[in-house]
1. Only one of B:V43, B:V89 is touching a residue at least 24 places away in the same chain (Cβ under 8 Å) and away from chain A (no Cβ under 14 Å); which?
2. Can you pull out the residues in segment B:49-81 that are closer than 16 Å to B:A13 by Cα and free of Cβ contacts under 8 Å to residues at least 12 places away in the same chain?
3. Among the residues that make up segment B:37-54, is at least one of them more than 18 Å from B:E117 (Cα to Cα), more than 11 Å from DNA strand C (Cβ to nearest atom) and part of a helix (DSSP H, G or I)?
4. Determine whether A:E16 is more than 15 Å from DNA strand D (Cβ to nearest atom), over 24 Å from A:P120 (Cβ atoms) and part of a helix (DSSP H, G or I).
5. Just one of (1) in contact (Cβ under 8 Å) with a residue 12 or more places away in the chain; (2) within 8 Å of chain A (Cβ to nearest Cβ) trips up B:A114, so point out which.
6. Would you confirm whether any residue within segment A:67-84 is away from DNA strand C (no atom under 16 Å from the Cβ), touching an Asp or Glu at 6+ places or on another chain (Cβ under 7 Å) and of a type in the set (V, I, T)?
7. Of all residues in segment B:14-24, which are facing chain A (nearest Cβ under 9 Å) and either hydrophobic (A, V, I, L, M, F, W, C) or in contact with a Phe, Trp or Tyr (Cβ under 7 Å, 6 or more places away or on another chain) (or both)?
8. Of everything in segment B:57-82, what is in contact with a helix residue (DSSP H, G or I) (Cβ under 6 Å, 6 or more places away or on another chain), more than 14 Å from B:A124 (Cα to Cα) and among the small types (G, A, S)? Give them in sequence order.
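Please treat every number below as a calculation from the coordinates, not as lab data. Because the structure is predicted, anything quoted here is derived from the model rather than measured. Counting neighbours? That spans all protein chains shown, and the Cβs are built from the backbone with ideal geometry, glycine included.
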Protein chains: 2
Amino acid sequence: MRGSERRELVLSAAAEVFGERGYVGATTDAVARAAGVSQPYVVRMFGSKAALFEAVLERSLDRLLETFRSAAAEVGRSSPGQQELAACVGRNYVDLLRDRGILLSLMQAFMLGADPEIGPIARAGWIRVYRTLRDEIGLTPEAVVDVLSGGMLINTLVGVRLAADWEEPDVRELLETALPTKVGILRELADPDASGT
Amino acid sequence: MRGSERRELVLSAAAEVFGERGYVGATTDAVARAAGVSQPYVVRMFGSKAALFEAVLERSLDRLLETFRSAAAEVGRSSPGQQELAACVGRNYVDLLRDRGILLSLMQAFMLGADPEIGPIARAGWIRVYRTLRDEIGLTPEAVVDVLSGGMLINTLVGVRLAADWEEPDVRELLETALPTKVGILRELADPDASGT
DNA sequence: GTCTATAGGGCGATAGAC
DNA sequence: GTCTATCGCCCTATAGAC
């Protein structure tokens, strides 16, 4: 395995662990275990836990923005309306959930805006998201806010793992209202064995 | 000062600290300092850090649901439509931001759904929010989802402290689009001295 | 009730072998 | 490049005085 591959392996594992436990709650040892390497190696590879988290955020943001761009390219040939654009961005966004850790690690960073190191990075990321949706995708500010609102609700529903209470009828009603066509993904995330039922 | 007052003092301080740093990142020492008491006393008062966090969540959820109910009472006499109800709930929700810590401590709990202790509590809280909005306030599931979407966006914008970059024009545009009439509150939260400018 | 002092455990980071 | 061993710090929780 080449160095770049091992680096990507650790980054992917770290995104999941940071997404689940938050920046402070995640341990470099848990990341190392998830990646199948030793704890000191994780630290040595990135210099520090903080630097590892920043690398995770950069990678997650890149994937998110790429997803937005490919969504725009999907419907872009026919100069679509705001609603069509926003709907397509939303669909691709939900598919991102399959790559556990990307959206949740970003969300964990967003909740640490008061941190003197992470805060500025999180705000810069948030601004990049806004500009990409407005300038590259071509959404109006109002449409961007709608997309972001739905996205933050989805992030929260995934973060709280509400689908774990799927047997509860009100949970089903809420999830099916919030994600009319994409509930299956949430159920997969809550319980990998329940995807087919 | 009576015991119940001191308890409320510690709970209020804890809500802010947990909201800013997350459950793991918050230290009982920081809570104690914010409340002006000693660190061991905070632990003794609630038994453990986990029990303190759970008390914070219970208090925060109670205040949130009370806010929803008072919003409904505000417009309730004239059997209002869904849009009017949802708008009133949204207005009162934003006013809750003045009580720093309430919404953010809940949000921090929502991001820890994978935690075996906090996860079930967070999910139960989420379900109570949904049922209150649907059954007591009388919103349709679709209207509840709209209210929750906007709420999660606001929580995230406050958590990331985007208003700290107020001099950035795109930040102004985003915040004024997301909270047309209530931007002042975000600016107060970002910088207590900037409320009048 | 509330404090000071401190024990005990976990985690990030370093040293150094291979 | 990758590991094992370990240091030193910080944080929760306990002991015990007042």
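1. Answer to the check: B:V89.
2. B:A51, B:E58
3. Among the residues of segment B:37-54, not one is more than 18 Å from B:E117 (Cα to Cα), more than 11 Å from DNA strand C (Cβ to nearest atom) and part of a helix (DSSP H, G or I), which makes the answer no.
4. Yes.
5. (1)
6. yes
7. Selection gives B:Y23, B:V24.
8. B:A71
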